[in-house]
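Notes follow the structure.
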Amino acid sequence: MQNVFKFLYAGFAILSLTQCAAKDSFAPSDVKPLLKTVTANGGGALYCSISGGCPLSITGSEFYNGAKVFIGSYECLNTVISETHDRIDCEVGPGKSGLFDIRIRNRDGNFSVIDKSVTDPTAIQFAYASFLYLGVQDSPGKVYGYAQNPVTGALLSIPSSPYSIPTSANQTYGTVISPNNKFLYAANVLSGTVSTFSIKPQTGQLTAVGPAVVTGGTVPNGLFFHPSGNYLYVTNQGGNSVSVMTVAADGTLTAIGGSPFSAAPATSLNGIVVDSTGRFLYVASMGGTGGVVGYAIDSNTGALSLISGSPFKNTNGAFANTGDGITIHQNGRWLYMGLVGVKRVAAFDIDQSTGALTGIGTPILNNSTTGYTDNGGSGANISPDGLFFYGTAFSTTATHPKKVIVYNINQSTGQLSLASEADAGGGPNDIRVDTNGNFAYTCNSSNTPSVSAYSRNPANGALTPLTPRDISIPTGNGGPGIMVIQK
C-alpha cells in the first residue's frame with residue numbers, strides 16, 4: 001500500500017499563534033515551523049478515507065501552541081503539540097479525494113517549510129482515498145472492496161477483501177454507503193435481507209454490524225439513502241415494493257410502520273434514486289412495459305406515497321420503458337433511465353412541485369453497434385459537472401461487444417446526444433464516475449466478471465482505459481451487480 005498511496009507532505013503549512021507563556025508565547029516573526037516526517041495510521045497505510053478519522057503524526061521543530069495542521073485546505077482535528085515543540089498529533093478530518101500537501105500555521109501566521117534534511121518532498125504529502133465496493137452474487141454473498149489511488153485511478157484491493165455475508169444471506173447484489181461514509185449496506189437477493197458493515201477509515205476494511213435485516217419484501221436489489229442519512233430505501237424486485245428503514249447512529253436498521261410500500265401496478269423493480277431535496281423517490285420498473293414509479297417522501301417519517309400518474313413512461317416513440325439503471329441530474333430537473341432489452345436511454349423532466357415525470361425527446365440508442373440479442377441499460381451515472389451522462393450497452397452473449405456509452409447533456413433541455421463510447425469488460429452492469437470526475441469504473445457481471453477502470457477527459461467526457469483496464473473478480477454463481485464509490 002505504501003507504494004500505491006505515497007504520503008506526500010510538501011509545503012502547505014498553515015501556522016497559528018501561540019499561547020502566552022514563556023516559550024509558548026507568540027512565535028518569533030522570523031521563525032517558521034520545520035517539517036521533517038509524517039506518519040499516518042501509526043505507521044500503517046499511508047492514506048485515509050475521505051470521511052477522515054485517521055491518526056496523523058508530524059515531527060519537526062518550532063511547533064508552537066495553537067498551531068494548526070492542514071491537509072490541503074482541510075483542517076486536521078484534535079491537535080496536540082508536544083511540550084518540546086517538535087511533534088504534532090492530530091486526527092485527519094473529512095476531505096476530498098486527492099493528493100495534498102501538508103501545511104502548519106502558527107498563531108502568528110507563519111507558514112511551515114520543509115526541513116533541509118528532507119530529500120524527497122513527496123514523502124510528506126497525504127492521500128485522501130475514495131473506497132469502492134461491489135456485491136457479488138455468490139452463495140454466500142460477498143462484498144469486494146478497493147481503495148482508489150487519487151492520482152492514477154488504479155484500484156488497490158482492501159485488506160481482507162472480499163468480505164463474506166453470513167451463510168444465510170446469499171447472492172449479494174446492490175451496495176450503498178451512508179452519507180457520513182461510516183457504513184456500507186448490501187442487499188442479499190435470495191435471503192430477502194440487507195447486511196450492515198462499518199467502514200474502517202484507515203483502510204476501508206469492513207466489519208459486520210449485527211445480523212442481516214429482513215426487508216419485508218422479496219429479492220431486494222436496489223439501495224439508496226435519503227440525503228439526511230436517516231432513511232434507507234430498498235427495492236424489492238420480487239415483491240414489487242419499496243422497503244423503508246430508519247438508520248440508527250450505530251448503523252443498525254429498523255423498518256418503519258407501513259413498510260414495504262407497494263409499487264402496483266409496476267412490477268420487477270430495479271434501480272432507485274432519491275432527489276437531492278429528499279422530497280421524491282423514483283424506482284425503475286422492468287416488468288411489463290416498464291416505467292418509472294414515483295413516490296413523495298414524508299419528511300417526518302420517511303414514509304412513501306405514490307405520485308399520481310405512476311408509473312411514468314417516455315412515450316415519445318414506440319418503445320417499452322423496461323428500466324434498470326436510474327439517476328437524477330444535479331439540477332434536480334431531469335431524470336434518466338436505461339431501458340433494458342430495447343437498447344435505449346429515456347430522459348424525463350421532473351415537475352418541481354408534484355414530482356410527476358414527462359418524457360424529454362425520443363429515447364436514444366445506447367450503442368452504435370448492431371447485433372445485440374439482449375441489452376442492459378443498467379448503468380446510469382452523470383459526471384460531477386453535470387455535462388455528461390454515462391450508460392452501458394450490455395449483452396450476455398460472449399461474442400457481442402460490451403460498451404460504455406458517453407452522452408452530451410443539453411444544458412437547456414436535458415436531452416441526450418451520443419458523444420463517444422469505450423470498450424468494457426464482460427457485461428457492464430453498472431458505472432460510476434468518481435467525485436473529482438477524473439476516473440470512471442464499471443462492474444461487469446458476466447463473460448469474465450470484472451471491474452473496468454478508465455481515465456476521463458473532463459472537456460469531452462471521453463473515457464480512456466487504464467492499464468490494465470480490467471480487474472478480474474473470481475466468483476462462482478454470478479458476477480457483481482451494483483457498485484458504489486465514496487462521495
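The values are calculated or read from the model by the stated rules, or taken from the named source; none is laboratory data. Treat the numbers as computed from the prediction; the structure is a model and nothing was measured. For neighbour counting, all protein chains shown are included, and Cβ atoms are generated from backbone atoms with ideal geometry for every residue, glycine included.
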- Confirm whether T392 is within 19 Å of the chain's Cα centre (by Cα), modelled with pLDDT under 90 and of a type in the set (V, I, T). yes
- Message: Looking only at the stretch 74-125, count every residue that is touching a Leu at 6+ places or on another chain (Cβ under 8 Å) and part of a loop (DSSP other than H, G, I, E, B) and tell me the total.
- Response: 11
- Which residues, taken from the stretch 410-432, are hydrophobic (A, V, I, L, M, F, W, C) and either without any contact (Cβ under 8 Å) to a residue 24 or more places away in the chain or more than 15 Å from S378 (Cα to Cα) (or both)? L416, L418, A419, A422
- Would you tally the residues in the stretch 411-420 being surrounded by fewer than 21 Cβ atoms within 10 Å (Cβ to Cβ) and hydrophobic (A, V, I, L, M, F, W, C)? 2
- Query: Of all residues in the stretch 314-365 being among the charged types (D, E, K, R) and out of contact with any Ser or Thr (no Cβ under 6 Å at 6 or more places or on another chain), which is farthest from L281 (Cα to Cα)?
  - Reply: K343
- Output the number of residues of the stretch 385-417 satisfying the condition of being under 16 Å from A462 (Cβ atoms) and assigned to a loop (DSSP other than H, G, I, E, B). 2
- Message: Condition first: of a type in the set (G, A, S), touching a His at 6+ places or on another chain (Cβ under 8 Å) and modelled with pLDDT of 95 or more. Can you find one or more residues in the stretch 232-245 that meet it?
- Response: no
- Would you confirm whether any residue within the stretch 91-103 is in contact (Cβ under 8 Å) with a residue 40 or more places away in the chain, surrounded by 17 or more Cβ atoms within 10 Å (Cβ to Cβ) and of a type in the set (F, W, Y)? yes
- Task: Of the numbered conditions (1) touching a strand residue (DSSP E or B) at 6+ places or on another chain (Cβ under 6 Å); (2) within 30 Å of D434 (Cβ to Cβ), I88 fails exactly one; give the number of that condition.
- Result: (2)
- Single match in G216, G251, G153, G192 (criterion: over 24 Å from T327 (Cβ atoms), of a type outside the set (S, T, N, Q), touching a Phe, Trp or Tyr at 6+ places or on another chain (Cβ under 6 Å) and in the same structural domain as G325 (by TED's automatic domain parsing)): G251
- Message: Suppose the filter is at pLDDT below 90, farther than 23 Å from Y128 by Cα and over 20 Å from the mean Cα position of the chain (by Cα); does G414 pass it?
- Response: no
- Note on the structure: The condition from (1) without any contact (Cβ under 8 Å) to a residue 24 or more places away in the chain; (2) crowded, with 16+ Cβ neighbours inside 10 Å; (3) among the hydrophobic types (A, V, I, L, M, F, W, C) that A318 misses is numbered (2)
- Selection over the stretch 249-285 where residues are in contact with a strand residue (DSSP E or B) (Cβ under 7 Å, 6 or more places away or on another chain) and farther than 21 Å from N314 by Cβ yields a count of 12
- Test I360 against the stated conditions and say whether it is assigned to a strand (DSSP E or B), of a type in the set (A, V, I, L, M, F, W, C), assigned by TED's automatic domain parsing to the domain that holds G287 and modelled with pLDDT under 95. no
- Item | Top-ranked residue of the stretch 421-479 - restricted to ones that are among the hydroxyl-bearing types (S, T, Y) and in a loop (DSSP other than H, G, I, E, B), ranked as surrounded by the fewest Cβ atoms within 10 Å (Cβ to Cβ) | T448
- Where residues in the stretch 117-135 are over 17 Å from N149 (Cβ atoms), among the hydrophobic types (A, V, I, L, M, F, W, C) and crowded, with 24+ Cβ neighbours inside 10 Å, which of them is modelled with the highest pLDDT? L134
- Note on the structure: Here, strands (runs of 3 or more DSSP E) confined to the stretch 250-304 with at least 3 residues that are touching a residue at least 24 places away in the same chain (Cβ under 8 Å) and of a type in the set (A, V, I, L, M) are 269-274, 280-285, 291-297
